Amino acid sequence: ICRATAALLPNHLCGLFVCLNESCLHGFFARPSPPATIPGIDLDYIDDLDYDLDDDATIEVHCNGLLLLDHHVVNPATRQWMRLPHVPPYASLPNIMYGDRGLVFDPAVSPHYDVLWMPYLILHRLLEASLSDQWPPSPFILHVFSSTTGRWEEKSFLREGDATMGTMADVSLARVPYHCKTHSVYLRGALYMHCQNDCVIKITPADHKYWVIKLPGDFASNRKTRDPFLGKSKDRVCYVLVTGLSRLQIWFLNEAKSASSSYDDSSGYEWVLKHGVDLGPIIQSYPCNHGRQQWIWHNADTKQDETRELPAVNDMEEFEWAIDKDSDDIISGANESIHHNGEYISAVLGFHPFKDIVFLHDTNLRVVAYDYNKAKVQDLGMMFLYHNTDRVMS
C-alpha cells in the first residue's frame, strides 16, 4: 500500500518552501496559483495554543513531503501535524542543551517517521577531562523520536571507519553550524546531517551504524563563504559552497571510491567537484521574468490579502523551464529589455529534485534557477524581505 501511495506522488516541482531566518518567516515560493490549489502551504491549520506559530514556525528541515518546525512535524499535503515532546537531557552530556535535528521519512516504506537529535558541542559546557576525547564516540548515543511510539528514546550507533570529527575541543571551537542554518538529507535509508567542524555524519537507523564524512571546501576556517548547503538531487547527495561574492562550487558525494576523486578522506567516501564557476558576470545582467510564469510568495498573510491581484494561470499547464531549451535565449515572459544587476549570491535555497538545477537567492532580491550543466540562469521572480518587518515583497 505504501509503495502504491508513493507512486501517486507528483514527479514535478511545484515550488520551494523557504524560511527567512531574519524573522522566522516561512512561505512557499511558487507559481501564482490561487492559494486553494496549493494545500497546506500557509500552516495556519496548526491549532496549538501553547505556541505562537508566528514566532515558532521556523522550518528546520524537510523530508519527502514532511516539514520539521521548531516544535511540530507537519504534512502540508494532508494538513496533518503533531507536536513533538521536549527532548530529554543526555545522561552522558548533562550540560548539552543545544542540537540539530534530522528527519527520516520514506512514504514508499512506511507512513511513520523518526526525528534524530544531534548534540551541538559548546566549549564552556564540556567537562575539562573530556576535551581531548574523540567526537563522536563509539557507541554514539542519540535521542530518536518515533511517530510509532510517540516518545523520544536513546539509541546506540556504532562507528564504521576510522574518521572522527576531531577532539571535543576542536569540534566545539568550529564555527559551523551554530551561526547558520544547517541541512540534512535522507536518501536510500541513510540520514546525512551537516555537523560541526566541516563534517557530515551519515546514519543508517536500520542497522544502527554511522560514518563521519569530511566536507570539501574548508568552510569552518573560511570567513568569506556564504552558509553552505547540503541537499539532494536526482538521487544523489550534493553540497554547495559559495565563496566571495559569487563563486559557486557544487560537489557530489560518491560512495564508490575511485581513482578520479576530487576530494576524499579516511572515511572511504569521496566528494567529486561537479561544477565550479564565478557567477558574477551572469548575475550582473540577466533578463527579468515579468510574464505570467513569474513565481511569487505564498503564506498565511498573502492568503488573507484580498487586494492582491494574481495573474491568470492555467494550473494544468506545465511550468516552462526556458533553460531546458538548446538556444541561448533564456527569456520567458514579457518585458525582455528589463535586466537585473545582481551583486552577490545571498543564499542557496535548494536543488531541483529531477533536474541539474540549483536555486539561488540573488542579492537578497530575486530567486534564480541555475542550470549547472548548461551554465544558464532563469529568473523566477522577486523575493525581498522588508527590513525590520515580517513582510515579503514578490
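Can you find, within segment 178-187, the residue that is farthest from the chain's Cα centre (by Cα) among those that are open to solvent by 10 Å² or more (accessible area, probe 1.4 Å) and at pLDDT 85 or above?
187
Can you give me the ranges of the strands (runs of 3 or more DSSP E) entirely in segment 1-81 with at least 1 residues that are under 24 Å from residue 361 (Cβ atoms) and modelled with pLDDT under 85? Steps first, please.
Working: elements: 15-20, 25-30, 61-63, 66-68, 72-75.
The qualifying strands (runs of 3 or more DSSP E) are 15-20, 25-30.
Based on this model, can you work out whether residue 117 counts as surrounded by 22 or more Cβ atoms within 10 Å (Cβ to Cβ), without any contact (Cβ under 8 Å) to a residue 60 or more places away in the chain, touching a strand residue (DSSP E or B) at 6+ places or on another chain (Cβ under 7 Å) and of a type in the set (Phe, Trp, Tyr)?
Answer is no for this residue.
Of all residues in segment 135-169, which are crowded, with 19+ Cβ neighbours inside 10 Å and not in a strand (DSSP E or B)?
Hits for segment 135-169 are 136, 164, 165, 168.
Go through (1) over 19 Å from the mean Cα position of the chain (by Cα); (2) within 26 Å of residue 353 (Cα to Cα) and name the single condition residue 101 misses.
All conditions pass for residue 101, except number (1).
Taking only segment 120-154 into account, find how many residues are of a type in the set (Val, Ile, Thr) and either without any contact (Cβ under 8 Å) to a residue 24 or more places away in the chain or touching a strand residue (DSSP E or B) at 6+ places or on another chain (Cβ under 8 Å) (or both).
Going through segment 120-154, the residues of a type in the set (Val, Ile, Thr) turn out to be 122, 141, 144, 148-149.
Narrowing the set further to residues that are either without any contact (Cβ under 8 Å) to a residue 24 or more places away in the chain or touching a strand residue (DSSP E or B) at 6+ places or on another chain (Cβ under 8 Å) (or both) leaves 141, 144, 149.
Count: 3.
Checking residue 186 against (1) touching an Asp or Glu at 6+ places or on another chain (Cβ under 9 Å); (2) under 20 Å from residue 95 (Cβ atoms): exactly one of these is not met. Which one?
With respect to (1) touching an Asp or Glu at 6+ places or on another chain (Cβ under 9 Å); (2) under 20 Å from residue 95 (Cβ atoms), residue 186 is out only on (2).
Tally the residues that are open to solvent by less than 50 Å² (accessible area, probe 1.4 Å) and not in a strand (DSSP E or B), restricting the search to segment 89-105.
3
Any residue at all in segment 67-86 that's farther than 30 Å from residue 29 by Cβ and either over 18 Å from the mean Cα position of the chain (by Cα) or open to solvent by 20 Å² or more (accessible area, probe 1.4 Å) (or both)? Talk me through it step by step, then tell me what you get.
Within segment 67-86, the first condition is being farther than 30 Å from residue 29 by Cβ, and the residues that meet it are 85-86.
Checking which are either over 18 Å from the mean Cα position of the chain (by Cα) or open to solvent by 20 Å² or more (accessible area, probe 1.4 Å) (or both) leaves us with 85-86.
The answer is yes; a qualifying residue exists.
I need the full set of residues from segment 120-134 which are open to solvent by 70 Å² or more (accessible area, probe 1.4 Å) and of a type in the set (S, T, N, Q), in order please.
Once the filter is applied, which keeps residues that are open to solvent by 70 Å² or more (accessible area, probe 1.4 Å) and of a type in the set (S, T, N, Q), segment 120-134 yields 132, 134.
Please specify each residue of segment 268-280 satisfying the condition of being closer than 13 Å to residue 362 by Cα and open to solvent by 20 Å² or more (accessible area, probe 1.4 Å).
The answer is none; no residue qualifies.
Residue-wise test of (1) within 28 Å of residue 127 (Cα to Cα); (2) at pLDDT 85 or above.
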position: 176; (1), (2): yes, no
position: 189; (1), (2): no, yes
position: 196; (1), (2): yes, yes
position: 199; (1), (2): yes, yes
position: 204; (1), (2): no, yes
position: 207; (1), (2): no, yes
position: 211; (1), (2): yes, yes
position: 216; (1), (2): no, yes
position: 219; (1), (2): yes, no
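Output the qualifying pairs, or none if there are none: Cβ atoms under 6 angstrom, residues six or more apart or on different chains, first residue in segment 234-250 and on the phi > 0 side of the Ramachandran plot, second residue surrounded by fewer than 23 Cβ atoms within 10 Å (Cβ to Cβ).
Listed pairs, sorted by first residue: 244/224.
The values are calculated or read from the model by the stated rules, or taken from the named source; none is laboratory data. Just so it is clear, the model here is predicted, and its values are computed rather than measured. Cβ sites come from the backbone with ideal geometry, for glycine too, and all protein chains shown count toward neighbours. Just the protein is used for accessible areas: all its heavy atoms, side chains included, with ligands, DNA and RNA removed. Shrake-Rupley method; radii C 1.70, N 1.55, O 1.52, S 1.80 Å.
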